[in-house]
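The values are calculated or read from the model by the stated rules, or taken from the named source; none is laboratory data. Everything numeric in this text was worked out from a predicted model, so none of it was measured. Cβ placement follows ideal geometry from the backbone for every residue including glycine, while neighbour counts extend to all protein chains displayed.
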Amino acid sequence: MAAADLSRLIEATANTIAAHAEELTRLDQAIGDGDHGLNMKRGFEAVRAEAGAFSAKPLPEALKAIGTKLVMTVGGASGPLFGTLFMALGKEIPAAPDRADLAAAFGKAIEAVAARGKSQAGQKTMLDVLQPVHEALLQGKTAADIVEIADNAADATVPMKALRGRASFLGDRSIGHMDAGARSTALLVRAVAEAIERRA
Amino acid sequence: MSNVGIVIVSHSPLVAEGTADMVRQMVGNEVPLAWCGGNGHGGLGTNVEAIMGAIDKAWSEAGVAILVDLGGAETNSEMAVEMIGEPRAQKIIVCNAPIVEGAVMAATEASGGASLKEVVATAHELSPS
């Protein structure tokens with residue numbers, strides 16, 4: 001991946017998180033501790049601030065460095081979870097991935113996130129978006145389809161009962177609210193898919 | 001010092017410091033002890049860098065037991081252990097126990113020269129599963 005492309009992806013992800021920070025915070029206030037929007041914004045702004053240095057690295061090294069930066073700056077459980085997603089992706093992906101490489105690396109990265117959070121799909125978490133996006137990648141869906149699948153998957157966390165994280169303390173009262181991590185994951189998927197699509 | 005070290009990780013610096021005070025009252029300076037709390041930006045939360053710093057401060061060749069409060073403290077502590085890496089990582093264990101009771105009980109066990117395994121088991125007895 002060319003440096004300019006990676007730099008654009010970093011811009012796109014930081015922009016969407018900044019634009020939706022208040023919404024993410026509202027979602028997290030409803031059933032969590034209310035720090036998700038601010039935490040994610042801090043992390044992605046920290047990545048944006050060093051976009052030049054990250055973009056100069058080969059893709060695997062760049063992803064690992066971005067993951068480490070997120071771990072150190074996001075704080076809360078989201079730091080290790082989103083950080084692990086990027087770090088594991090960097091560990092698994094080749095320098096010039098094709099679609100199959102990306103899908104395979106993404107699958108491994110999801111496993112790493114599940115292990116970090118001791119969670120699995122169906123528990124009202126970011127995994128409920130990552131999993132269907134991975135399946136869509138494997139099935140060769142278009143970027144537009146993947147964006148829609150991610151949005152629908154985030155919506156589908158609304159009727160779920162939280163089994164992991166702070167929201168699980170609420171039991172049945174977590175039902176009826178979208179999971180903030182699922183929403184931020186869908187936002188990131190949209191930003192990345194659209195940025196890649198524009199280049200293609 | 002050869003006794004197992006204790007690290008306390010809370011979302012609140014006040015809870016972490018208060019817990020550390022209670023540990024010191026029980027074991028004095030017999031046990032390497034460190035605490036951290038807060039998101040590093042003045043708010044509630046936990047952060048990996050501070051946890052890594054606390055582990056360094058309480059480091060003992062006999063190992064370190066970490067006591068945490070809520071989910072993010074556990075996730076961030078596990079991340080910190082992974083980033084510290086081997087060979088030290090295998091001597092660091094994140095306990096499944098209530099933070100205050102766990103820290104005091106684990107430190108008391110550690111002050112008698114117990115192994116990391118024994119210290120952690122004492123804390124885990126407080127959380128029967």
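Does the range B:40-66 hold any residues that are assigned to a loop (DSSP other than H, G, I, E, B), surrounded by fewer than 23 Cβ atoms within 10 Å (Cβ to Cβ) and at the interface with chain A (Cβ under 10 Å from one of its Cβ atoms), and which are they? Within the range B:40-66, B:G40, B:H41, B:G43, B:L44 meet the criteria. If only residues of the range B:67-89 that are in contact (Cβ under 8 Å) with a residue 40 or more places away in the chain and either touching a strand residue (DSSP E or B) at 6+ places or on another chain (Cβ under 6 Å) or more than 9 Å from chain A (Cβ to nearest Cβ) (or both) are counted, the one that is surrounded by the fewest Cβ atoms within 10 Å (Cβ to Cβ) is B:D69. Total residues in the range A:89-101 satisfying the condition of being assigned to a helix (DSSP H, G or I) and either free of Cβ contacts under 8 Å to residues at least 40 places away in the same chain or of a type in the set (A, V, I, L, M, F, W, C) (or both): the figure is 6.
Return yes or no: is A:G43 within 14 Å of another protein chain (Cβ to nearest Cβ) and in contact with a Ser or Thr (Cβ under 9 Å, 6 or more places away or on another chain)? Judged against the criteria, A:G43 is a match. Identify all residues within the range A:61-101 that are at the interface with chain B (Cβ under 10 Å from one of its Cβ atoms) and over 22 Å from A:D28 (Cα atoms); write none if there are none. A:T68, A:M87 - these are the residues of the range A:61-101 that are at the interface with chain B (Cβ under 10 Å from one of its Cβ atoms) and over 22 Å from A:D28 (Cα atoms).
Going by what's in this entry, would A:A104 be described as away from every other protein chain (no Cβ under 14 Å), part of a helix (DSSP H, G or I) and either touching a Phe, Trp or Tyr at 6+ places or on another chain (Cβ under 9 Å) or over 20 Å from B:E78 (Cβ atoms) (or both)? Judged against the criteria, A:A104 is a match.
Kindly indicate whether B:A54 is closer than 18 Å to A:R42 by Cβ and touching a residue at least 12 places away in the same chain (Cβ under 8 Å). Against the criterion (closer than 18 Å to A:R42 by Cβ and touching a residue at least 12 places away in the same chain (Cβ under 8 Å)), B:A54 does not qualify.
Residues that are over 16 Å from A:H177 (Cα atoms) and either surrounded by fewer than 23 Cβ atoms within 10 Å (Cβ to Cβ) or not aliphatic (A, V, I, L, M) (or both) within the range A:11-34 comprise A:E11, A:A12, A:T13, A:A14, A:N15, A:T16, A:A18, A:A19, A:H20, A:A21, listed in sequence order. The number of residues in the range A:115-144 that are buried (at least 23 other Cβ atoms within 10 Å of the Cβ), in a helix (DSSP H, G or I) and of a type in the set (S, T, N, Q) comes to 0. With respect to the conditions (1) under 14 Å from B:S111 (Cα atoms); (2) in contact with a helix residue (DSSP H, G or I) (Cβ under 6 Å, 6 or more places away or on another chain), B:N29 falls short on a single one, namely (2). A single entry from A:T157, A:T125, A:T142 fulfils the requirement of being closer than 30 Å to B:V94 by Cβ and without any contact (Cβ under 8 Å) to a residue 40 or more places away in the chain: A:T157. For the range B:19-39, taking the residues that are under 15 Å from B:V68 (Cβ atoms), free of Cβ contacts under 8 Å to residues at least 60 places away in the same chain and not in a loop (DSSP other than H, G, I, E, B), the one that is farthest from the other protein chains (Cβ to nearest Cβ) is identified as B:A34. Selection within the range A:159-184: residues that are within 19 Å of the chain's Cα centre (by Cα), farther than 15 Å from A:E23 by Cα and part of a loop (DSSP other than H, G, I, E, B). The member of this set that is farthest from the other protein chains (Cβ to nearest Cβ) is A:A162. If I filter the range A:80-93 for residues that are more than 27 Å from B:G71 (Cβ to Cβ), out of contact with any strand residue (DSSP E or B) (no Cβ under 6 Å at 6 or more places or on another chain) and at pLDDT 95 or above, do I get at least one hit? Yes: the range A:80-93 contains one or more residues that are more than 27 Å from B:G71 (Cβ to Cβ), out of contact with any strand residue (DSSP E or B) (no Cβ under 6 Å at 6 or more places or on another chain) and at pLDDT 95 or above.
Regarding the range A:174-187, can at least one residue be identified that is among the β-branched types (V, I, T), loosely packed, with under 14 Cβ neighbours inside 10 Å and more than 30 Å from B:E82 (Cα to Cα)? So far as the range A:174-187 goes, no, none of its residues is among the β-branched types (V, I, T), loosely packed, with under 14 Cβ neighbours inside 10 Å and more than 30 Å from B:E82 (Cα to Cα). Every listed requirement among (1) within 14 Å of another protein chain (Cβ to nearest Cβ); (2) in contact (Cβ under 8 Å) with a residue 12 or more places away in the chain is met by B:S115 save one, (1).
Exactly one residue out of B:A110, B:A97 is buried (at least 20 other Cβ atoms within 10 Å of the Cβ), away from every other protein chain (no Cβ under 14 Å), at pLDDT 95 or above and in contact with a Leu (Cβ under 7 Å, 6 or more places away or on another chain), and it is B:A97.
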